[in-house]
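Working notes for the structure below.
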C-alpha cells in the first residue's frame, strides 16, 4: 500500500481501519442535499506545464471536429485523439491560456473545454507536433494498489488441481450455478473489462481473452494495441474482476458468472493507479467500435470522486464521458458500474473530502445535487451496490434511492489474481457479477437492446426489503429508504442469473 497523504491512500486506509473495528474519523457526510454552489477547485498551470484537456464541439460531426482540431493546434496544443462520432477531441498543451485561446479560435465549433487532471501529464504524446517529447519516467511501481477505496487483496493459497468453485458463495447467491445448467454463455458475446489489465497467462482466463480486441487506453487517451500494452503492471484489480465475469470452467480454480463468453482487456488504469477521463472515453469508444456487448466499470473517474456541473472544467469532462457512454449504448453496448465505496447516500451527500486525488493535498469541498460520480451516475449505466454473504449491505457501499439499480455480492469475493487467487472487497467486486449476468442474458437473448437488457435485469432481480446493514464501530448505520421492490440499498433487488437466461 502506498502510505502517503494522497486521498486515494486515505480512502483505502479508512476502509481497512474500519474493518478492524476502530473509529473512522472524517467520513463523507450524508446529510440533506444542498443547493449551494459547489466549491471551486481552480486548475491554473503555469506556462510550460503539459496538461490534458477535453475539447467538446457543439455538434458531433467531422466538420466541427476538424475545426476544433485546428483550434487546438492554433492555440498551441497537440491533438492526441479525436472522436468525431461524439464531437470530442483529446488534447495536450503547455500553454497556460490554452482553454481560453482554444475557445476563442474555435468560436462556432468549440462548445466547452476542460482540464482532465490537476497535475502535469506523464503520458505525454510524442512526435514532431509535441515539443515536450516523451513522457517522464518515475512511475510508482508498487504492486497491487487498491483502486477507488477497494480493500487490499487477501491471497488464497494455491490448491493444486482442486477446484475452488465450492467456495464461491457469491455464485450461489445470485443463482449463477443454476443458470449454468442452462448455459455458460455464448462465444458470440464479448465483455470489455475497463480496468487495470488482465493477466494473459492465468489458466482460468487465457482461453477467454480476445487479444485482437484488447487495448491500452492509458497512452494519453489514444488506443494503443502494442503487444503487452493491455497487460496488468501495478494492479491485480482487472484480473480479479475478469475472473468474476468469465473465469473458465476447467476444473481448476474459480468459475465466472458467464464462463464461456469472451473478454477484452481495455486498460484504463495507469501505473500510478489513476483512471483519467480521456482513458475512460477511449474505453467506451473502443468498446463500441469493436462491437462489444457489455462493459464492466469498477472505478470512478479521477481525479474527482464527484464531478460538478457548475464548475467549467468538471462540466466539460462530464459532457465528454456522457457522450462516449451514450454513443456506446447506441451501438449496442450495455455497461455496469460500481456504485463506490465511500459509505454515502448518493442522493443527499454534501461533502467530498478526498478530491482531487492526484493533488498533493485534496480540497475539502461542498458538493450539490449537480455533482455526480461518473460513470456510475451517467444515465443508462447499471449502478451496482455491494452486499455480503449474509445479504446485508456492505458497510463501505454507496447507496441511494433511484441511484442504485441492483445489488450483488461484493464482500470477500474469491477470484483470479496474477499468479493465483485472492479475496477482494468493494463495489468493484459487485459490478462484475452484474456484467456477467448481462453477458449470460445477452447470450440467451441476443435480440435485446441495451435498454431492454437493463429493463429485464431490473425486472428479474430478487426484491429485497430494507434490512440492517453491516455494522462497523465508528461508522453511523445508514438509513434505508424505499419499498421491497425499490429501495436505496438494493435498488430493484439482488441480481438473478437464473432468471436472466429464462
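Nothing in this text is a laboratory measurement; each read-out follows from the coordinates by a stated rule. These figures come from a predicted structure and were not determined experimentally. Here the Cβ is made from the backbone with ideal geometry for all residues, glycine too, and neighbour counts use every protein chain on show.
To the nearest ten degrees, helix 237-246 and the longest principal axis of the Cα atoms of the chain are 50 degrees apart.
Give me Rg/Rg_expected for segment 51-115, where Rg uses Cα atoms only and Rg_expected = 2.2 N^0.38 Å with N residues. Provide the component values of the computation, followed by the final result.
Working: Rg = 9.8 Å, N = 65, 2.2 N^0.38 = 10.7 Å.
Computed over Cα atoms of segment 51-115, the ratio equals 0.91.
Descending by average beta-carbon neighbour count within 10 Å, the peptides 72-83, 440-451 line up as 72-83, 440-451, the highest first.
For segment 384-499, just say rounded, prolate or oblate: build the C-alpha gyration tensor, square-root its eigenvalues into a ≥ b ≥ c, call rounded for a/c under 1.5, and beyond that prolate if a/b exceeds b/c, oblate if not. Intermediate results must be reported in sequence, preceding the final value.
Working: a/c = 2.50, a/b = 1.17, b/c = 2.13.
Oblate is the answer for segment 384-499, as a/c is 1.5 or above yet b/c matches or exceeds a/b.
Using R0 = 41 Å, the C-beta based FRET efficiency linking residue 226 and residue 412 works out to 0.70.
Each pair of Cα atoms in segment 210-328 enters the Kirkwood radius, and Stokes-Einstein at 20 °C and 1.002 mPa s then converts it into a translational diffusion coefficient of 141 µm²/s. With both labels modelled 7 Å from their Cα along Cα-to-Cβ, the residue 310 to residue 447 distance reads 4.8 nm.
Does segment 380-420 come out rounded, prolate or oblate by the C-alpha gyration tensor, with a ≥ b ≥ c the root eigenvalues, rounded set by a/c under 1.5 and, if not, prolate when a/b is larger than b/c and oblate if not? Cα axes put segment 380-420 in the oblate bin.
When the helices of the chain are scored as -39500 (n - 2.57) per DSSP H run of n ≥ 4 and the total is divided over every residue, the value at 222 nm lands at -7000 deg cm²/dmol.
The label-point distance for residue 73 and residue 390, in a model that sets each label 7 Å from Cα toward Cβ, rounds to 6.3 nm.
Can you order the peptides 279-291, 204-216 by their average number of other Cβ atoms within 10 Å per residue, highest first?
Values: 279-291: 25.1, 204-216: 20.2.
Sorting 279-291, 204-216 by mean packing, highest first, produces 279-291, 204-216.
The alpha-carbon atoms of the chain define a convex hull whose volume equals 129 cubic angstrom per residue. Stretching the chain fully between residue 100 and residue 126 yields a gain of 6.9 nm (0.36 nm per residue, less the alpha carbon separation).
Highest mean first, the peptides 255-262, 307-314, 105-112 sorted by other C-beta atoms within 10 Å per residue fall in the order 255-262, 307-314, 105-112.
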